[in-house]
Amino acid sequence: MIELKEIPIVEEDEPLSKAIAYLMEPCPIVGVVKDKKLIGIIDDRHLSIGRSDVSSIKAGSVAVKSPKIQKIGNILEVVKKFSQEHFKALPVVGKDLRPVGYYSRVEILKTLVENGLIEKVPIKDIMTKEIYTIESSSTLGEAKRKMKDLKVKRLVVTEKDKAIGVISTFDFVGLRFKSLERQSKQLIKSVEKIEKRQIKEFLREPLLLLPINTDLLEAAVKMIEKNVSYAIIVEDLGKNKPLGIITARDIFKWVLNKYEKKELEIVISGLSDEDMFFYNDIKDSLRKVAEKIKSEKIVKIFVNVKKEKSVYDVNTKVVTANNVFHFSSQHQEIMIAVKELVDNIKKNIIKEKEKRIRKQKEETLE
């Protein structure tokens with residue numbers, strides 16, 4: 001299951017500065033509510049770098065509508081919501097539209113890795129090769145103008161063609177907010193002074209660099225470890241010359257392209273040359289049971305067969321949109337072992353479905 005994070009909440013008529021304080025903790029998303037119901041969200045991508053006095057602006061005026069996720073959801077449906085727009089996190093709501101938490105890109109990546117839905121494919125085939133850079137000696141004002149001209153939210157900061165950090169629109173909003181906290185009367189002068197200072201003094205976001213020969217699975221794991229939703233791809237870790245960028249959104253699109261509305265993938269291993277005769281029979285048995293419980297949207301099935309002396313040991317990992325299941329069976333005849341395994345899969349996954357439905361009903365009654 002996807003890890004649900006607590007979402008900070010502000011009322012629509014509260015000052016934007018309160019939401020920014022949450023974002024600077026840092027938290028990727030703030031929910032904006034009216035009568036306890038979610039009406040929008042605020043994240044750093046939806047804050048204008050031209051704003052000044054954030055304490056006089058109401059949170060509701062800058063909140064944006066985003067896709068909403070039900071607490072119990074299909075992982076591929078959640079991935080689709082994230083892939084459609086540039087949101088770092090999405091709110092999770094109950095049936096009454098009250099926010100109960102949020103899912104971030106990193107939590108989604110983690111779930112995809114755990115469920116075996118990301119493979120070791122070359123990152124160079126998936127990364128975005130268009131990347132915008134700025135020298136570390138440039139000023140914050142120059143960075144601001146460049147982002148506005150290019151209509152981008154982030155620039156890779158380089159020093160002698162080596163990537164050393166990232167500057168984003170949120171850095172400008174955060175600097176204004178800090179200036180406002182310190183001396184509201186001298187805000188404009190403070191901002192003018194700050195914008196004349198060099199970028200390298202304000203590098204905030206953690207930078208993840210990956211060499212061009214990295215595979216997609218390794219990139220996802222590294223992003224999870226660093227708790228970031230993107231990585232800069234470089235020629236090698238010594239030269240650090242930026243060649244492109246890989247984002248969680250790129251990975252989500254790859255996952256959807258591979259798994260959505262496609263034939264169920266069944267991976268069978270461990271069969272001896274003699275037992276390969278049963279390969280298609282095993283695959284057909286598993287495909288049929290998946291069809292019978294298609295409401296659970298089985299995404300992938302892994303099967304490993306071991307034969308010790310005269311007994312077959314069949315182990316299976318079943319990845320569904322909501323969970324990961326492990327089953328095993330033993331018998332002297334391979335297809336009887338498979339039949340017992342199939343019956344076990346059907347029985348337990350249906351049981352898990354009924355349990356989940358009961359839980360949903362109980363939460364609705366609450």
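The values are calculated or read from the model by the stated rules, or taken from the named source; none is laboratory data. All of these numbers come straight from a predicted model, not from anything done at the bench. When we count neighbours, we look across all protein chains shown, and the Cβ atoms used for this are built from the backbone with ideal geometry, even at glycine.
The selection criterion, being within 16 Å of the chain's Cα centre (by Cα), more than 25 Å from GLU352 (Cα to Cα) and aromatic (Phe, Trp, Tyr), holds for TYR230. Scanning the range 309-359 for residues that are touching a residue at least 60 places away in the same chain (Cβ under 8 Å), surrounded by fewer than 16 Cβ atoms within 10 Å (Cβ to Cβ) and part of a loop (DSSP other than H, G, I, E, B) yields a total of 1. Restricting VAL106, VAL121, VAL113 to those that are aliphatic (A, V, I, L, M), under 20 Å from VAL30 (Cα atoms) and at pLDDT 85 or above reduces the list to VAL106.
Considering the conditions (1) of a type outside the set (Phe, Trp, Tyr); (2) outside the structural domain of GLU340 (by TED's automatic domain parsing); (3) part of a strand (DSSP E or B), LYS239 is excluded by exactly one of them, (3).
For the range 286-296, filtered to residues that are more than 21 Å from GLY116 (Cβ to Cβ) and of a type in the set (Lys, Arg), the residue that is surrounded by the fewest Cβ atoms within 10 Å (Cβ to Cβ) is LYS288. The set of residues in the range 124-142 that are at pLDDT below 90 and either out of contact with any Gly (no Cβ under 6 Å at 6 or more places or on another chain) or among the polar types (S, T, N, Q) (or both) comprises THR128, GLU130, LEU140, GLY141. VAL152 falls short on exactly one of the conditions (1) touching a helix residue (DSSP H, G or I) at 6+ places or on another chain (Cβ under 6 Å); (2) without any contact (Cβ under 8 Å) to a residue 60 or more places away in the chain; (3) among the β-branched types (Val, Ile, Thr), and that condition is (1). For the range 206-246, the set of residues classified as among the acidic types (Asp, Glu) and free of Cβ contacts under 8 Å to residues at least 24 places away in the same chain consists of GLU225 only. Among what's in the range 109-146 and is assigned to a helix (DSSP H, G or I) and basic (Lys, Arg), pick the residue that is nearest to MET223 (Cα to Cα). Looking at the filtered set, the residue picked out is LYS110.
For ASP273, indicate whether it is assigned to a loop (DSSP other than H, G, I, E, B) and more than 30 Å from ALA231 (Cα to Cα). So that I can check it myself, show each step before the final result.
Working: assigned to a loop (DSSP other than H, G, I, E, B): yes; more than 30 Å from ALA231 (Cα to Cα): yes.
Yes, satisfied.
Checking VAL299, VAL234, VAL267, VAL255 one by one, the residue that is crowded, with 20+ Cβ neighbours inside 10 Å and touching a Lys or Arg at 6+ places or on another chain (Cβ under 8 Å) is VAL234 and no other. The set of residues in the range 242-260 that are in contact with a Ser or Thr (Cβ under 7 Å, 6 or more places away or on another chain) and in a helix (DSSP H, G or I) comprises ALA248, ARG249, ASP250, PHE252, LYS253, LEU256. Among residues of the range 147-201 being assigned to a helix (DSSP H, G or I) and of a type in the set (Gly, Ala, Ser), the one that is modelled with the highest pLDDT is GLY174.
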